[in-house]
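The next block holds one structure in the form of structure tokens; read it before the comments.
The values are calculated or read from the model by the stated rules, or taken from the named source; none is laboratory data. Values in this document were obtained by computation on a predicted structure and should not be read as measured data. For neighbour counting, all protein chains shown are included, and Cβ atoms are generated from backbone atoms with ideal geometry for every residue, glycine included. Areas reflect the complete protein model, heavy atoms only, side chains present, ligands, DNA and RNA absent. Shrake-Rupley method; radii C 1.70, N 1.55, O 1.52, S 1.80 Å.
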Amino acid sequence: MEKPSSLDCILVGPHELDFDQYEASVREMGQDSMAYRVLKANSTVYDGKRMTYYDMLNRMLASQTGTDPQLHVCKLPSLAVAHLKTAVNRAGMVAEEVNFFSWEKDRMRDLLARDPRAVAITSTFYVDNTALTEVVAWIREHNDTVPIIIGGPHILNVHNNYQARDFIYRSIGADIYITDSQGEYALVQVLRALRVGRSGLALLPNLSYTTDGGKNFTHTRRAIEENPIEESVVDWSLFDKSFYTPAVQMRTARSCAYSCAFCQYPQLGGPLSLNSIEHVEAQLRGFQEQGVTNLVFIDDTFNVPFPRYKKLLKMMIANKFDFNWFSFFRCANSDDEAFDLMAESGCKGVFLGIESGDNQVLKNMNKSASAEKYRRGIGKLNERDIMSFASLIVGFPGESAETVKTTMDFIAETEPTYFRAEMYYHYGAVPIAKQADQYGLKGTGYHWRHDTMTAEEACTAVETMYRTIDRSLIMPGYMFDFWSLPYLFGQGLGPEHVKAFVRRAGEGLVSTL
């Protein structure tokens, strides 16, 4: 029988590895290694030292004001944590959150001292195990008996695609892994089971768990979890207002309507699920009443279905909401009316999954878009002073030196406000893997080649883009991306301040490529 506790669960959001230690470990692989070249393309150099963009920003502001502002995009409310806390609370149990583990260890230590029944860690922000392993080890140091649960997209990917999953689970060090793309219901069921002991875990679906310290793992039956989106809306009244103001994220839909060849999210997320406009309106009204000013819609395809998108924008205008809002946006799937509605309703910036400016590569990616439609869309955004962030993938099967040049010309011509070029990272589970023979695709991760490009050539192409393109600003993916805009605006930095900083940080990035 587990000992009684008034705290059922501590919910843990993202953790950032110590950059100095991480940089040193990657540098040991060789400064010409693929891993270190990728790291250089996602960091900057300031005062002769390599660092993250946020480290540079905080140092610059501290030198000007005398106070370290300790800015970081992960201080935005973790939506995964917020959803899980809502689900646990609605089930009649008690959960406390540690939103950004790296910066809230004192709070984590105090909560562990309360002997919670469990700690649950979301893997939403991870693509490997390193940070998870570090969090688990820290928890064990401060409470070596509490059961540790991990769920989320990374764990589901491990469970579905790695034969050595038990070895991976053992190396991470948690006790229970939830292997479903949603997981709210599973977490509630696990916490209920832990109130009386671990023997009931075998009856629950979508789990991998150990009862002998990781020597052996039991994998329970698969049962797809479907939490109706209307019933899983975050209850923000569970949080202090300061937690989600002035900037907050929300979703109006779950999963993605498309099936890009480099992405497995639609397979993991299930069919596209839409919340009603009435439910969205009620949430927005609550945010406005509480003082939210910067709003992020994290729907993967916010403007799909298109008629619904226009209704949402018209609803926001009719309510006279005064949010500065940001979202993912498929600019090939819009028209003049929608662009006008976006500007009128307060849209300040959009994330564009452009991926390539070459039509053949877009076709290979199954993007359901063309460079011509992208070109028109970015132009319409620029006309309305809506900031754009163009995300590019370099080296996808079929990519060549010629298609890279086409993409570079496209970015130079269209001038999105910000851009990022990422070297293609190959997962064996993504749809394009089924066509590996067609493209001569071999290898995995950052170590691949296909008939028209090698990983080394793709990495060089990214570096060339960063050195050459000068009308759009480099915004890298490592802990400083498009979502930093609403966060930093909420902290009092204006668009021109952010642009000036990103321009200067980009100079430091390019200086050592």
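For region 165-205, how many residues are open to solvent by 50 Å² or more (accessible area, probe 1.4 Å) and out of contact with any strand residue (DSSP E or B) (no Cβ under 8 Å at 6 or more places or on another chain)? Quick ask: steps written out before the conclusion?
So in region 165-205, the residues open to solvent by 50 Å² or more (accessible area, probe 1.4 Å) come out as 165, 167, 170-171, 185, 192, 195-196, 198-199, 202-203.
If we keep only those that are out of contact with any strand residue (DSSP E or B) (no Cβ under 8 Å at 6 or more places or on another chain) too, we end up with 167, 170-171, 185, 192, 195-196, 199, 203.
Total satisfying the criteria: 9.
Within region 300-321, can one find any residue that is polar (S, T, N, Q) and open to solvent by 50 Å² or more (accessible area, probe 1.4 Å)?
There is no residue in region 300-321 that is polar (S, T, N, Q) and open to solvent by 50 Å² or more (accessible area, probe 1.4 Å).
If a residue must be within 30 Å of ASP299 (Cα to Cα) and open to solvent by 30 Å² or more (accessible area, probe 1.4 Å), how many such residues does region 206-222 contain?
Applying the first criterion (within 30 Å of ASP299 (Cα to Cα)) to region 206-222 yields 206-208, 221-222.
If we keep only those that are open to solvent by 30 Å² or more (accessible area, probe 1.4 Å) too, we end up with 221-222.
Going through region 206-222 one residue at a time, the tally reaches 2.
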Of the residues in region 293-307, how many are over 22 Å from the mean Cα position of the chain (by Cα) and closer than 17 Å to VAL350 by Cβ?
1
Quick one: count up the residues across region 41-74 that are open to solvent by 30 Å² or more (accessible area, probe 1.4 Å) and closer than 21 Å to THR444 by Cα.
1
Which condition does TRP325 not pass, out of (1) closer than 17 Å to PRO486 by Cα; (2) at pLDDT below 95; (3) not polar (S, T, N, Q), if it passes all the others?
(2)
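Sort through LYS363, LYS373, LYS367, LYS320 and tell me the only one that's among the basic types (Lys, Arg), in contact with a Cys (Cβ under 8 Å, 6 or more places away or on another chain) and farther than 25 Å from ARG254 by Cβ.
The unique qualifying residue is LYS373.
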Which one of the conditions (1) open to solvent by less than 30 Å² (accessible area, probe 1.4 Å); (2) free of Cβ contacts under 8 Å to residues at least 40 places away in the same chain; (3) farther than 30 Å from SER255 by Cα does LEU111 fail to meet, given that it meets all the rest?
(2)
Quick check, is ILE386 in contact with a Cys (Cβ under 7 Å, 6 or more places away or on another chain) and buried (at least 19 other Cβ atoms within 10 Å of the Cβ)?
yes
What are the residue pairs meeting all of these: first residue in region 313-335, first residue in contact (Cβ under 8 Å) with a residue 40 or more places away in the chain, second residue of a type in the set (Asp, Glu) and open to solvent by 20 Å² or more (accessible area, probe 1.4 Å), Cβ atoms under 9 Å, and 6 or more apart or on different chains?
ALA332/GLU372
Quick one: how many residues across region 294-324 are over 30 Å from GLY492 (Cβ atoms) and of a type in the set (Val, Ile, Thr)?
2
